[in-house]
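These notes are about the structure you will find just below.
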Amino acid sequence: MSIKSDKWIRRMSLEHQMIEPFHENQVKTGVISYGVSSYGYDIRVSDEFKIFTNVNNSMVDPKNFDSKSFVDFKGDMCIVPPNSFALARTLEYLRIPRNVLVVTLGKSTYARCGIIINVTPLEPEWEGHVTLEISNTTPLPAKIYANEGIAQLLFYESDEPCAISYKDRKGKYQGQRGITLPKL
């Protein structure tokens, strides 16, 4: 298994629509960077958020998720309350090749502010918008900027395709659009 370079990412995205919309170069003037980097791709967060709230005295249960646990928000920036959590989605739609595994990691700009993006694997032949889990670990409100970089994708290519892909298994998050809540 080898990590893929900027050249491979450009080729796969331009020829096979692996990342849409796609930025061939890194955009960084006046924004938190996004686009192709040396060995990855910095994805952007959209302007749609679900912010955790306890107004309805809900309990978080991954087997019986109550959508009243969130407040929907749309805007150029989102304020995540202290010691709280929000869900968002990528602006980009991804199509992962059958012989590739992708790992999503938070950007250091946010991590240095106590904002953590959950490490998320994207399995071979998974497709969709990535639902991002954003944790504010600080005792202060945290600002997230929509349409700017939030996480980096690292691409690992195997020397052979997997026997059974996410698509073959009919994975429950296949083809997701928008922010997708937990499913059992």
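The values are calculated or read from the model by the stated rules, or taken from the named source; none is laboratory data. As the structure is a prediction and not an experimental result, all values here were calculated from the model. Cβ placement follows ideal geometry from the backbone for every residue including glycine, while neighbour counts extend to all protein chains displayed.
Brief remarks on what is shown
- When V36 is tested against the conditions (1) under 21 Å from Y110 (Cβ atoms); (2) crowded, with 18+ Cβ neighbours inside 10 Å; (3) in contact with a strand residue (DSSP E or B) (Cβ under 6 Å, 6 or more places away or on another chain); (4) of a type in the set (A, V, I, L, M), the lone failure is (3).
- Here E15 does not qualify as of a type in the set (D, E) and touching a residue at least 60 places away in the same chain (Cβ under 8 Å).
- Wholly enclosed strands (runs of 3 or more DSSP E) of region 20-96 bearing at least 2 residues at negative phi and not β-branched (V, I, T): 40-52, 70-74, 77-80, 84-95
- Among residues of region 120-139 being out of contact with any Gly (no Cβ under 8 Å at 6 or more places or on another chain) and assigned to a loop (DSSP other than H, G, I, E, B), the one that is nearest to A86 (Cα to Cα) is P139.
- Residue that is touching a Cys at 6+ places or on another chain (Cβ under 6 Å) and either within 17 Å of R44 (Cβ to Cβ) or surrounded by fewer than 16 Cβ atoms within 10 Å (Cβ to Cβ) (or both), where the choices are I144, I117, I164: I144
- Some residue of region 65-72 being among the polar types (S, T, N, Q) and farther than 19 Å from Y110 by Cα: yes
- Among the residues listed as D42, D47, D76, the single one being crowded, with 19+ Cβ neighbours inside 10 Å and at pLDDT 95 or above: D42
- Residues of region 117-153 that turn out to be aliphatic (A, V, I, L, M) and over 12 Å from the mean Cα position of the chain (by Cα), as a count: 4
- Considering residues of region 79-100 that are at pLDDT 95 or above and hydroxyl-bearing (S, T, Y) only, the residue surrounded by the fewest Cβ atoms within 10 Å (Cβ to Cβ): Y93
- Test: residue in region 146-154 that is part of a loop (DSSP other than H, G, I, E, B) and under 24 Å from K68 (Cα atoms): yes
- Only listed residue being under 17 Å from the mean Cα position of the chain (by Cα) and under 24 Å from P161 (Cα atoms), chosen from G40, G106: G40
- Test for E133: is it of a type in the set (D, E, K, R), out of contact with any Ser or Thr (no Cβ under 6 Å at 6 or more places or on another chain) and at pLDDT 95 or above: yes
- Applying a threshold of 6 Å to beta carbon distances and a minimum spacing of six or more residues, or different chains, the list of pairs starting in region 62-82 at a residue that is over 13 Å from P141 (Cβ atoms) and ending at one that is loosely packed, with under 10 Cβ neighbours inside 10 Å reads K63/L184.
- Test: residue in region 101-113 that is in a strand (DSSP E or B), in contact with a helix residue (DSSP H, G or I) (Cβ under 7 Å, 6 or more places away or on another chain), surrounded by 15 or more Cβ atoms within 10 Å (Cβ to Cβ) and not basic (K, R): no
- In region 29-61, residue farthest from L132 (Cα to Cα) [restricted to those that are free of Cβ contacts under 8 Å to residues at least 40 places away in the same chain, touching an Asp or Glu at 6+ places or on another chain (Cβ under 9 Å) and among the β-branched types (V, I, T)]: V36
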